[in-house]
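Heads up: the structure comes next, in structure tokens.
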Amino acid sequence: MVSKVGRPIPGRVGRSALSGDGSGGRPGARHGVVVALVAALTVALVLIGGVASAPFADTVHLGETAIAIPGVARTPPMGWNSWNAYGCSVDEHTVEQAADAMVASGMREAGYRYVVVDDCWFALQRAASGALQPDPTRFPHGIAALAAYVHARGLKFGIYESPNSRTCAQISGTYPGSTGSSGHEPLDARTFASWGVDYLKYDWCSPDSNIDRQVSAFTRMRDALRATGRPIVYSINPNSRVPGAPPGGIYDWSGIGTLWRTTNDLLPGWALHQGPAGDQGVSEILSSTVASAKRAGAGHWADPDMLEVGVPGVLGTSYPGLTEAEQRTQFGMWALLAAPLIAGNALPYMNETTWRLLTDPAIIAVDQDPLAAPVTVVPGTDEKVWRRTLSDGSVAVALWNNDDSTATISIPLARLDLPAAEGFTARNLWSGAHATVRTAVGAQVAAHDTVLLRISPTPVT
Ligand code: GLA
């Protein structure tokens, strides 16, 4: 595993620092993606008829049918996690700054709530009582004080642990000690609850691929969290370093975790062709995660990993960072998937493009749509067209260009499983442009970019 230590981009925080460019538009509008909503498109391609349906087989459901932790995550959690920008150098000041930036930038108003400390917060040893304790140099005021700081800003606090005896960084040798929760689950859950933890990221990250051991370890912590009585989002990762296909993509973990990671780690790139630890880029994760996403619903969400929006690449590695189009694709497609939106960038230093993307209300509304209907790839489109029914009867449609050059992507309305109506209005969620459509929608989509549309029945006047 590559430990990613961020290189913050100089900048300022806060709405006042984020003055508009005069266009008043969202990123897509400025980027020059030609978004042609075609009212009466003659589709020259041979298009197979029929409506969208789930083209993937169901996978094995693990655990109970009941929701893992009652009362949390009715919609996909939104927040920030320290790992992608700060790796093992995270400290309490960084986390406080992230919480402050979440408020000052308007992210809290946009729906972001959880501030999560990832790996490497541990002291080398447990206390004499057996309780976990934080590194005294980087967290001198302790975790309860840090959680209180976050709570005082109207936010929620999260932390990282592992079901094994060592955390991911400890297993990979980039952090000393052996402070995993194995054998300590009830005490650790009580410690977290006493500190005011609202979200636990629980990370397998081990070459041990035994599914029974995984299920019992993740279930032990689920039960320990339940026993505290505190509503704690339980975010599990059964992948990373496990040989073969990621268990999070093979099994349905919705009876065990509130969120379950579907893939190995997402690093800031488009197509990584399986990096050293099975790491993946945005396009690879998208192709592999749609099957799991269709099982998402209130209290149980498939998690294709955190956002790389605004996270710089790592020079000298094969993780170049995402282009603006690729960032738009990640944010837009994660929203279509109803994925958790966990920002990973250095919040106090984000630039205007990143801020506009992360706070885009039209895209966040798709992510948080209360219906949580399954997303499907429209059959016969080579994964270029995805759709999801929203609670107001409209349908969100993604035209995703995974090619390396601009492409025209179009689809007849008859294949989008729209409700019966005389006519439809299609709105481009990036630019806000809208048009009446009768037979088809289409757009020119730049390489690696995505056009997101919301197609609604036109009200009868
Ligand atoms: C694994 C996880 C990452 C991060 C690191 C921390 O790789 O998948 O998200 O938590 O461990 O070491």
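The values are calculated or read from the model by the stated rules, or taken from the named source; none is laboratory data. Predicted, not measured: the structure shown is a model, and the values here were computed from it. Note: ideal-geometry Cβ built from the backbone for every residue, glycine included; neighbour counts use all protein chains shown. Accessible surface areas use protein heavy atoms only, side chains included; no ligands, DNA or RNA. Shrake-Rupley method; radii C 1.70, N 1.55, O 1.52, S 1.80 Å.
Projected label points at Thr406 and Arg438, each 7 Å from Cα along the beta carbon direction, are separated by 2.8 nanometres. Take every Cα-Cα distance within the stretch 258-301, group them into 10 Å bins from 0 onward, and report for each bin the whole-number percent of pairs it holds. With 10 Å bins starting at 0, P(r) equals 29, 47, 23, 2. Spatial offset of the stretch 111-136 relative to the stretch 322-355 amounts to 27 Å, using the alpha carbon center of each. Per-residue surface analysis assigns Val311 an accessible area of about 10 Å², computed on protein heavy atoms at 1.4 Å probe radius.
Remark: relative contact order (the chain) = 21 percent; criterion is Cα-Cα distance under 8 angstrom and separation of 6 or more residues. With the convex hull constructed from alpha-carbon coordinates only, the chain shows a mean projected area of 21.6 nm² over all directions. Solvent-accessible area assigned to carbon and sulfur over the stretch 30-367 amounts to 56 percent, based on a 1.4 Å probe. Taking every lysine pair in the chain that is 8 or more places apart or spans two chains, those with Cα atoms closer than 23 Å amount to 4. With labels modelled as points extended 7 Å from the Cα through the Cβ direction, what inter-label distance (nm, one decimal) is found for Ser209 paired with Thr137? Result: 3.8 nm between the two label points. Within the shell defined by Cβ-Cβ distances under 9 Å, the residues around Val397 carry a net charge of +3, with Lys and Arg each +1 and Asp and Glu each -1. Per residue of the chain, the DSSP helices (runs of n ≥ 4 H) give a summed -39500 (n - 2.57) that works out to -7000 deg cm²/dmol at 222 nm.
Taking Cα atoms only, the orientation of helix 92-104 departs from the longest principal axis of the chain by about 30 degrees. Per residue, the solvent-accessible area of the chain (1.4 Å probe, heavy atoms of protein chains only, all protein chains present) comes to 36 Å².
Using heavy atoms of the protein chains and a probe of 1.4 Å, the accessible area assigned to Arg241 is about 80 Å².
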